[in-house]
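Heads up: the structure comes next, in structure tokens.
The values are calculated or read from the model by the stated rules, or taken from the named source; none is laboratory data. Just so it is clear, the model here is predicted, and its values are computed rather than measured. With ideal geometry, Cβ positions are generated from the backbone for all residues, glycine too; neighbour counts draw on all protein chains shown. Protein only, heavy atoms only, side chains kept; ligands, DNA and RNA dropped before computing areas. Shrake-Rupley method; radii C 1.70, N 1.55, O 1.52, S 1.80 Å.
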Amino acid sequence: MIIIGLGSGRTGTASMASLFGSQRQAICFHELNPTCAAHQVNPQSVLNTINEFQRIIDGGDKRLLSVDYSRKRSVDTYAQLLALPQNPAIMGDIAYYYLTYVDEILAINPSVKFVCIKRDKTETVDSWMEKSKIVRWRSLRWADRLKAMITRTPYHESWNFWQAHDGTQWETNPVWDNTFPSFDASSKREAVEMYWDWYYQEAEKTEQRHPECFQIFDISCLSNPEGQKDILKFCGFKQEEMQLKGEFHLHKSSPA
């Protein structure tokens, strides 16, 4: 079984990885290889991941997996995979950037299951606005401001993954900028709002095309046993085999 978790980000993706990774004979990554991911233009990275997962499930060499070694979480999960006494029966990855490639993934492996988590729009946008800030210690903040004045370079207080920009107002990010769509908006907040609208419009269309493989769940499902059972049942787990989790801290991790 291969499971791909999705959501706009700030939607409990780390918690979803924990839920799936807690099932018997399962390994689940959280944003396994974002350095190679791109929004829409190149499906090869995500297709490689699906093919590599399937080869491992089928008994292939567990070492043969493309991993972003700059991400400690990915490296740690990869180490867990290598430490397993036998190959896992279930593998998964959780990342928002799979959404635009669902059709292409199903074309090479129609058994993949996709679970998409949806959170309230305002909560999601507020969370992204906070998460995309560049956090500095107070002393470093002043030092960086002074450095920017001396070198006549921009001083950045946040990233903006949702608008095309030249790096003057917002800091560029060579990984995450490539994984989000860009919007023609009058402000960063408006761009994030447009992103949320776009993401779940695309998710709903995908669910309509592939209801047997793709389903949207409210974020509340992650934090209660019945909701977790619904998610795991959709993925194909038998109830007597389900490993449920306690209450999650739903918004722990995200890009950058």
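Shown in residue order for the stretch 153-159 are the 3J(HN,Hα) couplings computed by the Karplus curve 6.51 cos²θ - 1.76 cosθ + 1.60 at θ = phi - 60°: 10, x, 9, 9, 10, 6, 9 Hz (x for Gly and Pro). With the convex hull drawn over the C-alpha atoms of the stretch 132-198, the volume per residue is 95 Å³. Here the accessible area is traced with a 1.4 Å probe on the protein chains. For the chain, carbon and sulfur cover 50 percent of it.
Near F214, the amide H atoms lying under 5 Å from its own belong to F114; only residues 5 or more places off or on other chains count, and H is placed 1.01 Å from N. Across the stretch 84-196, counting alpha-carbon atoms alone, Rg and Dmax equal 18.9, 57 Å. Think of the chain as a dipole: +1 on every Lys or Arg Cβ, -1 on every Asp or Glu Cβ, centred on the Cα centre; then among Y199, P88, I231, P88 lies furthest on the positive end. Across all directions, the average flat footprint of the convex hull enclosing the Cα atoms of the stretch 1-63 is 4.8 nm².
Kirkwood analysis of the chain, using all unique Cα-Cα pairs, places the hydrodynamic radius at 19.2 Å. Put simply, the amide H of F183, placed in the peptide plane, has neighbours under 5 Å in Q163, A164, leaving out anything fewer than 5 places away on its chain. Derived scalar couplings between HN and Hα for the stretch 89-103 equal 8, 9, 9, x, 9, 10, 6, 4, 6, 6, 4, 6, 10, 4, 4 Hz in order, rounded to whole Hz, by the Karplus curve 6.51 cos²θ - 1.76 cosθ + 1.60 (θ = phi - 60°), x for Gly and Pro. Within the stretch 192-249, the proportion of Cα pairs with more than 14 Å between them is 63 percent.
Out of the stretch 137-191, which chymotrypsin sites (Phe, Trp or Tyr not before Pro) are coil in DSSP terms and have no more than 11 other C-beta atoms within 10 Å? Please list the in-between numbers first.
On the way: sites: W137, W142, Y155, W159, F161, W162, W170, W176, F183; in loops: W137, Y155, F161, W162, W170, F183.
Here the sparse-neighbourhood loop sites are W137.
Spin-label model, K147/A164: points 7 Å from Cα along the beta carbon direction are separated by 3.0 nm.
Scoring 72-85, 45-58 by mean Cβ neighbours within 10 Å over their residues and listing the highest first yields 45-58, 72-85. 3J(HN,Hα) along the stretch 211-216: x, 7, 10, 10, 9, 9 Hz, from the Karplus curve 6.51 cos²θ - 1.76 cosθ + 1.60 with θ = phi - 60°, whole Hz, x for Gly and Pro.
Taking 0.36 nm per residue of separation and subtracting the current Cα-Cα distance, fully stretching the chain between Q239 and S220 would add 4.9 nm.
Remark on I94: its backbone amide H falls under 5 Å from those of G5, F29, H30, E31, L32, a criterion applied only to residues 5 or more positions apart or on other chains, H modelled at 1.01 Å from N. Over the stretch 22-116, the Kirkwood radius and the radius of gyration, each from Cα atoms, give a ratio Rg/Rh of 0.93. Taking every alpha-carbon pair under 8 Å whose residues sit at least 6 apart, the chain reaches a relative contact order of 30 percent. Projecting label points 7 angstrom from Cα along Cα→Cβ for A107 and R136 puts them 4.6 nm apart.
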